[in-house]
Amino acid sequence: MFLSARSPLLVAAGVVPVVLLSLAGIDAWLAAAGWLGLCLVVIAADVALAADPRRVEITRDVPRRVRRGEPARASVTVRNTGTRLLRGRVRDAWQPTAGADPSRPRVLIPPGEARTVGVALLPRRRGELSSEFVVVRSLGPLGFAGRQASIRSRGAVRVLPPFTSRRHLPSRLARLRELDGNTSLQVRGQGTEFDSLREYVRGDDVRSIDWRATARSATTMLRTWRPERDRHVVIVIDTGRTAAARVGDGVRLDAAMEAALLLAALASRAGDHTHLLMFDRVVRARVTRVDGPGLLPALVDAMAPVEAQLIDTDWTAGFAAARALTSRPSLVVLLTAQDAPDAARSFLGSLPSLAARTRVLVGTVTDETPEFPDRPEAEDVYRAAAYARSARDADAVALAIGRAGGEAIAAGPDDLPPRIADRYLALKAAGRL
């Protein structure tokens, strides 16, 4: 049972009759006890006359998927299977990170009828968020007390990565179309393949003239070229302890997911095959042999439940798992945090074996450059020294990655996804992918 806000008022209202009875010569304590007894009888009667909240049926309508930070709406339908009018409130018990509306809407459900209550959600965390039960309060006819019951009814929604880096995709796709032969900008070089013939225009490279086609036509014909397709892009996301570090408003793992989604969307439109591996000491997520429109849904579904693990990553096993995805990877993108020489020893020791077979990019999410006052205090000086030391260590690791055969790219959480996409396009344009 529960007591409503009217119950204290009912008890407080007894002050007047208790005072009047005491003036009439009746013992005040006896009058107070009598009034409290009357209040208990009224409350017990109200509870007994309230509809039984356990005699309800709960039906849910919950969206299966929603992106983190985007509003969604779920609903709960309550059907009164009892014989009394149900007057009360309904609360859907979602996890706090689901951002559910904290209000408890009132319901008035006659016997045999149902009412639907909407619940606004604003999820703040990836993964599967759930509500295990619905709390129903049934108020008595006098409004002083009622019954309460928790009805088991599970509802779950999978919260996907937000993919905020999608805003960079149109400009990169425009550049890809220029490389792909849909505009007048054509490329020729190692790693390109024949596309089509067109008429020669003054200023074109005369080495691309197709003399056989020219002999068969009335004008000079030119061969056009486009970057090769059907390349394999393997994206490896480190889910070890360094991925749990906070960078900006989120963690490194979230920024790595944004970079992976943007690169995968771009590579898919370029006709390449994309593979995803999320790894620390075991495989946390794997997506392979998925192309076309189903690629991005498969990626976000696989990424959604993965969280950073507070363990060191086994890079020897991770690189072996990456090589097992495809027998001929053209580009391997490692999204990790290699910015401390001592912590990067295992990574740098295993990198040459991978870089000897394919091109490797190492993307690292870094903090934005802090701003220091013109007249710093002691704390600002220590912060500036710590930042300078971290930047020097990161530069040393980047040089070591270059010597091992890879290429290091370091940027803030908002800048890393477009920078990796730009590097992918540059490799395409140069015929190196």
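Residue by residue, here is whether (1) in contact with a His (Cβ under 7 Å, 6 or more places away or on another chain); (2) modelled with pLDDT of 95 or more; (3) part of a helix (DSSP H, G or I); (4) of a type outside the set (Phe, Trp, Tyr) holds:
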| position | (1), (2), (3), (4) |
| --- | --- |
| Thr219 | no, no, no, yes |
| Arg226 | no, no, no, yes |
| Arg229 | no, no, no, yes |
| Met257 | no, yes, yes, yes |
| Leu262 | yes, yes, yes, yes |
| Ala265 | no, yes, yes, yes |
| Ser268 | no, no, yes, yes |
| Met278 | no, yes, no, yes |
| Val290 | no, no, no, yes |
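Listed by first and then second residue, the pairs with beta-carbon distance under 8 Å, at least 6 apart or on different chains, first residue in segment 392-406 and touching a residue at least 24 places away in the same chain (Cβ under 8 Å) and more than 14 Å from Asp342 (Cα to Cα), second open to solvent by 40 Å² or more (accessible area, probe 1.4 Å) and part of a loop (DSSP other than H, G, I, E, B), are Gly405/Ala356.
The residues listed here are Leu9, Leu23; of these, the one that is exposed (fewer than 14 other Cβ atoms within 10 Å of the Cβ), free of Cβ contacts under 8 Å to residues at least 60 places away in the same chain and more than 28 Å from Ser138 (Cα to Cα) is Leu23. Considering Leu299, Leu276, the condition of being buried (at least 23 other Cβ atoms within 10 Å of the Cβ), without any contact (Cβ under 8 Å) to a residue 40 or more places away in the chain and closer than 28 Å to Gly431 by Cα is satisfied by Leu299 alone. Number of residues in segment 360-377 that are in contact (Cβ under 8 Å) with a residue 24 or more places away in the chain and either more than 25 Å from Arg328 (Cα to Cα) or surrounded by fewer than 19 Cβ atoms within 10 Å (Cβ to Cβ) (or both): the value is 4. Checked against (1) touching a Lys or Arg at 6+ places or on another chain (Cβ under 7 Å); (2) open to solvent by 50 Å² or more (accessible area, probe 1.4 Å), Arg289 passes all but condition (1). With respect to (1) among the aliphatic types (A, V, I, L, M); (2) open to solvent by 40 Å² or more (accessible area, probe 1.4 Å); (3) farther than 30 Å from Val206 by Cβ; (4) out of contact with any Lys or Arg (no Cβ under 7 Å at 6 or more places or on another chain), the lone exception for Leu310 is condition (4). Could you check, for segment 76-89, whether at least one of its residues is polar (S, T, N, Q) and over 30 Å from Leu129 (Cα atoms)? Yes; the residues of segment 76-89 include at least one that is polar (S, T, N, Q) and over 30 Å from Leu129 (Cα atoms). Inspection of segment 336-344 finds a residue satisfying the criterion of being acidic (Asp, Glu), in contact (Cβ under 8 Å) with a residue 24 or more places away in the chain and buried (at least 20 other Cβ atoms within 10 Å of the Cβ).
The values are calculated or read from the model by the stated rules, or taken from the named source; none is laboratory data. What you see is a predicted model, and the numbers here were worked out from it, not measured in a lab. Quick reminder, even Gly has a Cβ in these numbers, built from the backbone with ideal geometry, and neighbours come from all protein chains shown. We work out accessible area using only protein heavy atoms, side chains counted, and drop any ligands, DNA or RNA first. Shrake-Rupley method; radii C 1.70, N 1.55, O 1.52, S 1.80 Å.
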